[in-house]
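Before any comments, here is the structure.
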Amino acid sequence: MSFRRILIAVDSSPIAARAAEVGVEMARTLGGEVAFVHVVDPALGYAPEGGVSPSELLAQAELDGKRLLAMFGQRAALQLPALEFLPMGHPGVEIVKAAKDWHADVIVLGSHGRGGVTRLLLGSVAESVLRHAPCPILVVRVS
């Protein structure tokens, strides 16, 4: 199997930055294409008592996502510019959808390695992607 289309899931965490480094290096080594995906979770639009409307919060999250994707694209400094996906929805579902739509050969994403009650309460994007992805996944963990 050839990994020519590498989809890298990113957010603003240090582990996502590390996953992006690994994915970009993989693309350089294999001569592959890169696409970054950052998902705006609509659940972030609900801040009771915050004084900011949900639509304003989501608009800000989308703007932040665009900036984040641009930053990762600039850092990658690849021969071909990286594609950028900025869907809105549940992160695990939208990452899998982006992989299917783009026909990714591999998905690279970071995982904090939470387990037990923490994972049960918070859910796990990495676990959701692992269960439903149409292609292999490279999970980068905190060292």
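The values are calculated or read from the model by the stated rules, or taken from the named source; none is laboratory data. As the structure is a prediction and not an experimental result, all values here were calculated from the model. Because the Cβ atoms are built from the backbone with ideal geometry, glycine has one as well, and the counts that use them run over all protein chains shown. Ligands, DNA and RNA are stripped out before the accessible areas are found, and what is left, the full protein with its side chains, is counted by its heavy atoms. Shrake-Rupley method; radii C 1.70, N 1.55, O 1.52, S 1.80 Å.
Annotations for the structure displayed:
- Screening segment 74-97 for residues that are small (Gly, Ala, Ser) and more than 13 Å from the chain's Cα centre (by Cα) and picking the one that is least open to solvent (accessible area, probe 1.4 Å) gives 76.
- Yes/no for residue 133 being open to solvent by less than 40 Å² (accessible area, probe 1.4 Å) and modelled with pLDDT of 95 or more: yes
- Every pair of residues 6+ apart whose Cβ atoms lie under 7 Å, when the first sits in segment 1-15 and is part of a loop (DSSP other than H, G, I, E, B) while the second is small (Gly, Ala, Ser) and surrounded by 19 or more Cβ atoms within 10 Å (Cβ to Cβ): 3/32; 4/32; 10/16; 10/20; 13/110
- Conditions (1) farther than 17 Å from residue 108 by Cβ; (2) free of Cβ contacts under 8 Å to residues at least 24 places away in the same chain; (3) in a helix (DSSP H, G or I); number of the one not met by residue 65: (2)
- Taking segment 1-10 as the range and being modelled with pLDDT of 95 or more and touching a Pro at 6+ places or on another chain (Cβ under 8 Å) as the test, only 9 passes.
- Some residue of segment 69-81 being assigned to a loop (DSSP other than H, G, I, E, B), modelled with pLDDT under 95, farther than 19 Å from residue 32 by Cα and out of contact with any helix residue (DSSP H, G or I) (no Cβ under 6 Å at 6 or more places or on another chain): no
- The conditions of being surrounded by 13 or more Cβ atoms within 10 Å (Cβ to Cβ), assigned to a strand (DSSP E or B) and at pLDDT 95 or above are not met by residue 20.
- Considering residues of segment 31-63 that are at pLDDT below 80 and farther than 29 Å from residue 5 by Cβ only, the residue least open to solvent (accessible area, probe 1.4 Å): 45
- Pairing residues of segment 22-46 that are farther than 18 Å from residue 69 by Cα with residues that are among the basic types (Lys, Arg) and not in a helix (DSSP H, G or I), at Cβ distances under 8 Å and at least 6 apart in sequence or on separate chains, gives 30/4; 31/4; 32/4; 32/5.
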